[in-house]
Ligand SMILES: *Cc1c(COP(=O)(O)O)cnc(C)c1O
C-alpha cells in the first residue's frame, strides 16, 4: 500500500469526516511542498493564506524553537512580555490609542469583534449587526450566522439572533438594513471564500460615512487579507478606510495558530477583567511566531515584493484567461487571485495537482491562489506555466465532453 493510501485510510477510520482532503503532504520548504509519494508542488494555497513566510522559514523556525525552550505558555493570569510586544507592532500600524486582544483563530477573532460591538451597544439598547451576502466569517454559531451564505447554516438551527444581511458593494442595501437596533456593520474588503470578490473603494468609504452618520461601528474581518496579503499591512489600508476595529488570524502566525482583534480608541477599553477571554490567547509561543512573521515582512521588504510579484502573477493570469473562452474573469490584487471559470472547477484543481501546482477551488466556480508572501517572480512565472498546462488539458477534456 502507498504511504498516501495509509494516511487516507487512517484518516477515514479515526477523523471526523467534515473535510475531503486531497493530497497527503509531508514536507515543505519555502513555496514548495512534497507529498507522501515524493511529488513536488508549488504551494499557491499556503495552508489557506496562512503560511505567510513559506514553509520552514529559518527566522520563524528559530523563533519558535527558542521560545519553546524558554517559555511556551503562562495563561493570561500572568504577564508575558511577548504579548504587549506583538500588540504594539499591530496597534501602532492602525490608529493612535489602539489595543489588541489575542485569540487562536479567525472565527474567535470575529467572535471578539461581535462581542465587543454588542457590549458597546448594550448601554444604548442596540445589538444588531449587518453583514454582507456572500461573506464568510467563520464556523462558530455566531460567525456562521454572520456569514452571508446559507450553506454553512444548514442543520444548525436555532441560530443566535441579531444578524441581518445586506448586498456587498450596494450602499443603499446597507442603508435600508439599518434599524434603531443596529450597532455595527461587518465586512471583508475582499470576499475571499466568496470567490475573491473585492469591495469597491467607494463602497467602503460610503460605509464609513454611513457608520459615522448613524453612530454605528465599522468592523472589518481582515482574517484572510490582513498581514501583508494585499501589499499593505492590513487589507483595509489598500482601500483608504479606517474601521473601528478589525480581526486578524490566518497569516499572522505564519502557520502557528493565533488570531487577534485590534480595536481603536472607541472600543479598546470596552472589555474589562472578566468580560472576555481564552486560555491560549496570546501565549508566548504564538506571539514569538507572529513576531517573526512581522519582523521578516519588515526586514525583507515583503510588502513591496507582494505588490510587484502579485501584479506580475495577475498579468500572467489575464494572459491565460485570454487563451480560453471558459475563463470568465480574473480578480485580485497583491497575492490573492481568483480565476472564475465555467465548468467543473474541482476537475481543474485536480489537473493542477497533476502539474505540481496547489490552489483551491472556491465558491463553486473560482480557482483561488493565495501563495506565501515570499514567492518570487520566478515562482509566479513557474506557477502560471503549470496553470496554463492544466488549463490546456482541461480545455481538451471539456471540449471532448460537449462534442
Ligand atoms: C478563514 C476565515 C475566517 C475563519 O477563520 P478560522 O481560523 O477558520 O476560524 C473568517 N473570516 C475570513 C475572512 C476568513 O477567510
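General remarks:
- Gain upon complete extension [residue 70, residue 295; 0.36 nm per residue less C-alpha separation]: 79.0 nm
- With Cα atoms, 0 to 90° folded angle of helix 377-402 axis to the chain main axis: 70 degrees
- Helix axis angle, 201-214 relative to the chain longest principal axis, alpha carbon, degrees: 20 degrees
- Cβ-derived FRET efficiency at R0 56 Å, residue 77 paired with residue 322, nearest 0.05: 0.40
- Applying 0.36 nm per residue to the separation of residue 213 and residue 173 and subtracting their alpha-carbon distance, the gain on full extension is 12.8 nm.
- The value of relative contact order for the chain, using C-alpha pairs under 8 Å at least six residues apart, is 21 percent.
- Beta bridges per DSSP, both residues in the range 21-174: antiparallel share near 65 percent.
- Antiparallel DSSP beta bridges within the chain, as percent of all bridges there, nearest 5: 65 percent
- Ranked 85, 151, 115, criterion: other C-beta atoms within 10 Å, fewest first: 151, 85, 115
- Taking Cα atoms only, the orientation of helix 82-91 departs from the longest principal axis of the chain by about 90 degrees.
- The range 285-403: C-alpha gyration tensor shape, a/c 1.5 cut-off, then a/b vs b/c: prolate
- Placing a label point 7 Å from the Cα of residue 399 along the Cα-to-Cβ line, the residues of the range 305-346 whose backbone N sits under 18 Å from it are 320-328, 342-344.
- Cα gyration tensor category, rounded, prolate or oblate, for the range 325-364 with a/c compared to 1.5: oblate
- Note on residue 96 and residue 388: the model spin-label points, each 7 Å out from Cα along the C-beta direction, lie 5.2 nm apart.
- Fully extended contour minus Cα-Cα distance, from residue 201 to residue 13, at 0.36 nm per residue: 62.9 nm
- A prolate overall shape is assigned to the range 46-130, the ratio a/c of its alpha-carbon gyration tensor axes (a ≥ b ≥ c) being 1.5 or greater and a/b exceeding b/c.
Values in this text are rule-based calculations from the coordinates and carry no lab data. All values reported here derive from a predicted model rather than from experimental measurement. Ideal geometry is used to build each Cβ from the backbone, glycine not excepted, and the neighbour counts take in all protein chains shown.
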